[in-house]
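Okay, structure first, notes after.
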Amino acid sequence: MSKKAWLVAIIAVCVGLGARALYDNYQQTQQQAQAGALQSDGQPFDLYNVDDPRPRIVYFGYTHCPDVCPTSLAVLSAALKSLPESTQKTVSPVFITLDPKRDTSEKAAEYAHFFHPLITGVSGSKAQIDQLAKRYGVLYRITELEDSAMDYAVDHSSFFYFLSPDGELLEKIPHTLNPDMLVAAVQRVTDNNKE
């Protein structure tokens, strides 16, 4: 192969890699835009609003959850209450339903506010929820319940996801009954945010 042919081949590979990188970046931007267009209490809610510099503390669950979600949100509430008010304002706690079929944005918001007024309850389309769950590794599945008024339950993993405003995962805390674990994570994330 001549030097000219090698040069053409190298340029073609570089152009191809550059085009692929641009396409991947475009797809990620589109996914973020779609996933960000959620709703809270009937109003648009953008999880990836970079104009809001606060790290997000995101919990995925659903309002019909019999035990894990209420416990987790109570622990989040206890953690928030133990923080100074000035620190509470530096984070954005968010509850995202995994059951958009039953949980409207109004219902999700009401449920979240029951635990703490700073927690934003959010819903969206099934496609949006699936996309967010996939991005952060949230495992969930619908389990049919025979002879139950609830019809089905949503079995799901239970973690607190600390996200940057652009959606980058900063830290992931497993289900805990100890609010101090969340308080320590808030302090780490907000300290890093100041740098």
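The values are calculated or read from the model by the stated rules, or taken from the named source; none is laboratory data. Owing to the predicted nature of the structure, the values given are computational and were not obtained by experimental measurement. Neighbour counts run over all protein chains shown; Cβ positions are idealised from the backbone, glycine included. Remember, those area values only see protein heavy atoms, side chains included, never the ligands or the DNA or RNA. Shrake-Rupley method; radii C 1.70, N 1.55, O 1.52, S 1.80 Å.
The set of residues in the stretch 105-158 that are part of a strand (DSSP E or B) and free of Cβ contacts under 8 Å to residues at least 40 places away in the same chain comprises ARG141, ILE142, THR143, GLU144, TYR152, ASP155. Just one of (1) outside any strand (DSSP E or B); (2) free of Cβ contacts under 8 Å to residues at least 24 places away in the same chain fails for CYS65. It is (2). The residue that is nearest to LEU76 (Cα to Cα), among those in the stretch 141-158 that are open to solvent by 60 Å² or more (accessible area, probe 1.4 Å) and either under 19 Å from the mean Cα position of the chain (by Cα) or at pLDDT 95 or above (or both), is ASP155.
Quick check: is even one residue across the stretch 174-187 without any contact (Cβ under 8 Å) to a residue 24 or more places away in the chain and part of a loop (DSSP other than H, G, I, E, B)? Within the stretch 174-187 (the criterion being without any contact (Cβ under 8 Å) to a residue 24 or more places away in the chain and part of a loop (DSSP other than H, G, I, E, B)), the answer is no, since none of the residues qualifies.
Taking the conditions (1) farther than 20 Å from SER148 by Cα; (2) touching a strand residue (DSSP E or B) at 6+ places or on another chain (Cβ under 9 Å) in turn, THR87 satisfies each one other than (2).
Can you list residue pairs whose Cβ atoms sit under 6 Å apart, with the first residue in the stretch 77-98 being over 21 Å from TYR48 (Cα atoms) and the second being crowded, with 16+ Cβ neighbours inside 10 Å and at pLDDT below 95? Count only pairs 6 or more apart in sequence or on different chains. What qualifies is LEU80/GLN88.
Summed over the stretch 168-194, the residues that are in contact with a Leu (Cβ under 7 Å, 6 or more places away or on another chain) and modelled with pLDDT of 95 or more give a count of 6.
Scan the stretch 55-94 for residues that are of a type in the set (Gly, Ala, Ser) and either farther than 17 Å from LYS172 by Cβ or open to solvent by 50 Å² or more (accessible area, probe 1.4 Å) (or both) and the total you get is 5. Return the residues of the stretch 115-131 that are under 28 Å from SER82 (Cβ atoms) and surrounded by 15 or more Cβ atoms within 10 Å (Cβ to Cβ); say none if nothing qualifies. Selection gives PHE115, HIS116, LEU118, ILE119, THR120, GLY121, VAL122.
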